[in-house]
Amino acid sequence: MLTLDRKQQPLALCERRRFEPPFLAGILFAALALVPLGASAPFTPMRVLGLSALLAAALGLGLLGRPRTRRRPLPSRTPGPRERYVGLVLEGAALPPTYRAVLVLADGTRRPVLERDEPAGVLEDAALLARELGVAITAGWGLDERTLATLTHPHEHAGPRWRSDGAFRFDSPPLAGQRNAAWTTLWASAFVLVATIAMSDTARARVTPGLLSITLPTLSVLLVLVVWLWLLGLRGELELDATGVTRRTHWFRVALGPARRVEMPVVAAAFVAPEGAEVGHLVVSDGVKLVAFPLRGGTQQLARLRDALARERTNRAAE
């Protein structure tokens with residue numbers, strides 16, 4: 001994750017890295033190092049050497065995959081002739097959901113300078129970084145230039161408040177890639193079931209399967225099916241009106257906890273998503289800050305919202 005560290009003077013870029021796969025491998029090596037300790041054989045030099053090697057590998061992999069935070073200086077405000085800045089471009093990836101701001105140089109070089117798993121922070125940081133570097137932001141994520149200007153410069157392009165007669169309700173998936181994960185889990189349970197039956201039929205001619213041999217695969221299938229059912233029924237709903245945003249989570253029709261309400265005077269709102277992504281975010285502005293909520297694209301409610309915002313802009317221009 002690449003963010004703008006506003007507390008640093010002068011401003012700096014902050015790179016935060018989360019746990020990575022080598023850290024998990026380090027845990028496995030540490031667990032392997034505990035196995036020789038349970039043996040009753042004496043500690044020979046070879047056993048001590050093997051134990052030391054496992055512990056060293058565990059420590060090295062743990063350090064390699066641990067979370068890190070480091071600060072980078074901002075690109076120079078007065079670049080050389082070969083490093084002249086063209087602008088900031090909004091890019092991203094569908095899975096995992098990633099939103100980026102890429103600094104484009106005159107020679108075609110592209111440098112990612114901002115990156116998050118939600119777009120609101122990227123837009124806020126990009127607006128400040130663009131002013132610092134004296135460049136423009138190129139629209140992306142499905143935004144047009146006018147909507148981008150409304151979100152990044154609300155005082156110049158938006159009125160005091162967005163007016164709407166009713167609320168808009170959207171499908172807000174609690175997990176990214178939830179549908180794909182649900183169907184992958186279903187196929188996994190089917191594979192375990194078919195493989196168990198096939199191996200049982202092969203071995204039945206020689207041995208009689210015991211109760212444990214039948215129980216363990218059955219429990220595995222049931223656990224995977226429970227995960228599939230949880231993913232299949234997990235739903236989220238987002239409600240947007242002129243005074244704020246309400247988000248609800250439920251499993252089929254059973255509510256999971258109370259509704260979460262964010263009170264804010266809505267000045268502008270827009271749906272954004274990386275290219276090719278089915279699920280994006282609804283970015284809402286109150287004229288001061290931006291807030292993002294996960295949202296599924298391609299719905300009639302989004303078309304209604306775009307029409308309402310277009311009418312609002314027309315009314316403001318007439319006023």
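Given that just one value was derived from the coordinates, which of (1) 17.0; (2) 20.3; (3) 26.5 is mean projected area of the Cα convex hull in nm²?
Recomputing mean projected area of the Cα convex hull in nm² here gives the entry labelled (3).
So how far, in whole Å, is the C-alpha centre of segment 243-281 from the one of segment 126-145?
25
Among V48, V254, which comes first, then next, by fewest other beta-carbon atoms within 10 Å? Before the final figure, lay out the partial values.
On the way: V48 11, V254 8.
Starting with the residue having the fewest Cβ neighbours, the order is V254, V48.
Grab the DSSP H runs of the chain that are 4 residues or longer, score each as -39,500 (n - 2.57), total them, divide by all residues and round the 222 nm result to the nearest 500 deg cm²/dmol. Write down the numbers at each step before the final one.
Details: 8 runs with 130 residues, N = 319.
About -13500 deg cm²/dmol.
Most fluctuating residue of F252, F271, F19 in a GNM of the chain with Cα springs under 10 Å: which is it?
Between F252, F271, F19, it is F19 that shows the largest mean-square fluctuation.
To test your reading of the geometry: what angle, between 0 and 90 degrees and rounded to tens, separates the Cα axis of helix 21-34 from the longest principal axis of the chain?
30
Take the chain, connect every pair of alpha-carbon atoms lying under 10 Å apart with a spring to form a Gaussian network, then pick out the residue of L225, L88, L37 with the largest mean-square fluctuation.
L37
Among H250, H153, what is the fewest-to-most ranking by other Cβ atoms within 10 Å?
H153, H250
Under 10 Å, Cα contacts only: if you run a Gaussian network model on the chain, which one of G276, G134, G65 comes out with the highest mean-square fluctuation?
G65
What is the order of L24, L11, L240, fewest Cβ neighbours within 10 Å to most?
Numbers: L24 12, L11 15, L240 24.
Going from sparsest to densest Cβ surroundings: L24, L11, L240.
Only the coordinates and a few stated rules stand behind these numbers; no lab work does. Here the structure is a predicted model, which is why all the values come from computation and not from measurement. Note: ideal-geometry Cβ built from the backbone for every residue, glycine included; neighbour counts use all protein chains shown.
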